[in-house]
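Q: One structure coming up, written as structure tokens, with questions to follow.
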Amino acid sequence: MTMTRILGTIALSVSFALNAWAAVPSAEVQIAGAVMAAPAELRDGAAVLGYSPAGERVMLRKGSNEMFCLASDPARENFNVACYHKDLDPFMARGRELTAQKITGEKRNEIRFQEIKAGKLKMPSGMRMLYVLTGSRFDPASGKVENAYLRWVIYVPNATAASTGFSTKPAEGAPWLMLEGTPGAHIMISPPRK
């Protein structure tokens, strides 16, 4: 490979990195977007984890209530934020760690469930809430999410169809139980899309 080609590749890589950094919204915009997933009365006190100008995950705001929110990843094309009860954070944070290690899907769940059973990872014993809001983009000027879709997830560790009466079959517009009988069992509520 010639020196010109090597320098061109380096310049292109630096250009892509600078563009990615420039695309990271300000902390204020990230916070405003992240809390949109939470109920209105819980937004002001929610902790928010977002991104630094370099694209690294950082705490943007400490919380004063039970909500913990995640800003939309600026590297993703669409808007995707979540807010959950702070007691779920050890479970969620471990999931982010494993994802960063390229461990996803069932393997990620298996590892977390084993760690919970071994007492290495804390998971609340009672119900805890997660709100997920997606859309095509967030407009900070209007405070609106375009093509917004909000769904609700109620974590009920180790719940089963027999213990709850919920179906385990996915159904749009109806609640159903996912990951039945595991520490990550949760009730999914996905309203019909418009």
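Q: Run the Debye formula on the Cα coordinates of the stretch 116-194, all scatterers equal and no solvent, and tell me log10 I(q)/I(0) at q = 0.15 1/Å.
A: Here the Debye-derived log intensity ratios amount to -0.62.
Q: Among Leu130, Thr104, Leu42, whose Cα sits farthest toward the positive end of the charge dipole of the chain (+1 at Cβ of Lys/Arg, -1 at Cβ of Asp/Glu, about the Cα centre)?
A: Towards the positive end, the residue furthest out is Thr104.
Q: State the percentage of accessible surface on the chain attributable to carbon and sulfur atoms; use a 1.4 Å probe and exclude ligands, DNA and RNA.
A: That fraction is 56 percent.
Q: Something else: Mind pulling the per residue volume of the convex hull built on the Cα atoms of the chain? Å³ is fine.
A: Spelled out: Cα convex hull of the chain, divided by residues, is 162 Å³.
Q: With a 1.4 Å probe and every protein chain left in place, work out the accessible area per residue of the chain in Å², rounded to a whole number.
A: Normalised by residue count, the accessible surface of the chain is 59 Å².
Q: Mean Kyte-Doolittle hydropathy of 1.6 or higher plus an axial Cα length of 27 Å or more: which whole DSSP H helices in the chain meet both?
A: none
Q: Here is a follow-up. Taking 21 Å as the cut-off for C-alpha to C-alpha distance, list the pairs among Lys86/Lys120; Lys62/Lys86; Lys117/Lys169 that go past it.
A: Lys117/Lys169
Q: Where does each of 25-37, 100-112 land if you order them by average Cβ count within 10 Å, highest first?
A: Ranked by mean Cβ neighbours within 10 Å, highest first: 25-37, 100-112.
Q: If you plug each phi of the stretch 130-141 into the Karplus form 6.51 cos²θ - 1.76 cosθ + 1.60 with θ = phi - 60°, what whole-Hz ³J(HN,Hα) values come out, in order, with x for Gly and Pro?
A: 10, 10, 10, 10, 10, x, 6, 5, 9, 9, x, 5
Q: Where nothing but the Cβ of Lys and Arg (+1) and of Asp and Glu (-1) is charged, how large is the charge dipole of the stretch 34-86 around its Cα centre, in debye to the nearest 20?
A: Roughly 120 debye for the stretch 34-86.
The values are calculated or read from the model by the stated rules, or taken from the named source; none is laboratory data. These numbers come from a predicted model, not from an experiment. Every residue, glycine among them, receives a Cβ derived from its backbone with ideal geometry; neighbour counts consider all protein chains shown. Side chains included, ligands, DNA and RNA excluded: accessible areas come from the protein's heavy atoms. Shrake-Rupley method; radii C 1.70, N 1.55, O 1.52, S 1.80 Å.
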